[in-house]
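**Student:** Below is the structure I would like to discuss, written out as structure tokens.
Quick note: the coordinates plus some simple rules give every number you see, no bench work behind them. All values reported here derive from a predicted model rather than from experimental measurement. Here the Cβ positions follow ideal geometry from the backbone for every residue, glycine too, while neighbour counts run over all protein chains shown.
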Amino acid sequence: MFGTNASREFQAETVNIEDLVPQDHLLRKINETNDFSFIAEKCRPLYCKDNGRPFIDPVMLFKMLLIGYLYGIRSERRLIEKIRVNIAYRWFVGLFLTNPVPHYSTFSQNRRLRFQQSTIYQEICDEIVLQAMNHGFIEGKQLFTDSTFLKANASKS
């Protein structure tokens, strides 16, 4: 018998995002072997305890960057779009299916406002790369990112 699933009406389902990520997925293996807990402690002095804008979990921020490096996603705008639609990426960074994904400018704003005056950003990146290399997830090849600040005339009339 032939039929179609044409109905797109609202339907509620209970889904465990954990069940949607295959056991042999690279990000699951990294999550099981690498320790990301050091990130929160290293970043604690850079955050205010009782005021300011809502923060993005620094562990999430660095896990998102790691996804970009692992999968060759060099554009932060593109990275956010990929995280928005990829269940394994969402699971790895700690987002449920209905959680909003941070704005792409979160990366540059954190580099510019939070990490610019310290070496913490570089220390965290070095540790993540070292752990990934020690577990055989990445090879020691060069990767450079450019976060140069440039003034643009885009909004001037």
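**Student:** Which order results if Y69, Y89 are arranged by neighbouring Cβ count within 10 Å, fewest first?
**Tutor:** Taking fewest neighbouring Cβ atoms as first place, the list is Y69, Y89.
**Student:** For every other residue with a beta carbon closer than 14 angstrom to the beta carbon of K42, add +1 if it is Lys or Arg and -1 if Asp or Glu, then tell me the sum. Please list the in-between numbers first.
**Tutor:** On the way: positive: R44, R114; negative: D35, E41, D57, E123, D126, E127.
After counting each charged neighbour, the total is -4.
**Student:** Taking amide hydrogens as modeled 1.01 Å from N in the peptide plane, which residues meet the under 5 Å criterion relative to H25, leaving out close sequence neighbours?
**Tutor:** none
**Student:** What's log10 of I(q)/I(0) for region 1-115 at q = 0.11, 0.22 Å⁻¹, Debye sum over Cα points only, no solvent?
**Tutor:** -0.46, -1.35
**Student:** Once both axes come from the Cα atoms, what is the angle between helix 76-85 and the longest principal axis of the chain, in degrees from 0 to 90, rounded to 10?
**Tutor:** Tilt relative to the chain: about 30 degrees.
**Student:** I've got another one for you. Dipole magnitude of the chain about its Cα centre, charges +1 at Lys/Arg Cβ and -1 at Asp/Glu Cβ only, in debye to the nearest 20?
**Tutor:** 840 debye
**Student:** Give me the net charge of W91's neighbourhood, meaning all other residues with Cβ under 15 Å from the Cβ of W91; Lys, Arg count +1, Asp, Glu -1.
**Tutor:** Values: positive: R28, K29, K63, K82, R84, R90; negative: E18, D19, D24, E32, D57.
Taking every Cβ under 15 Å from that of W91, the sum is +1.
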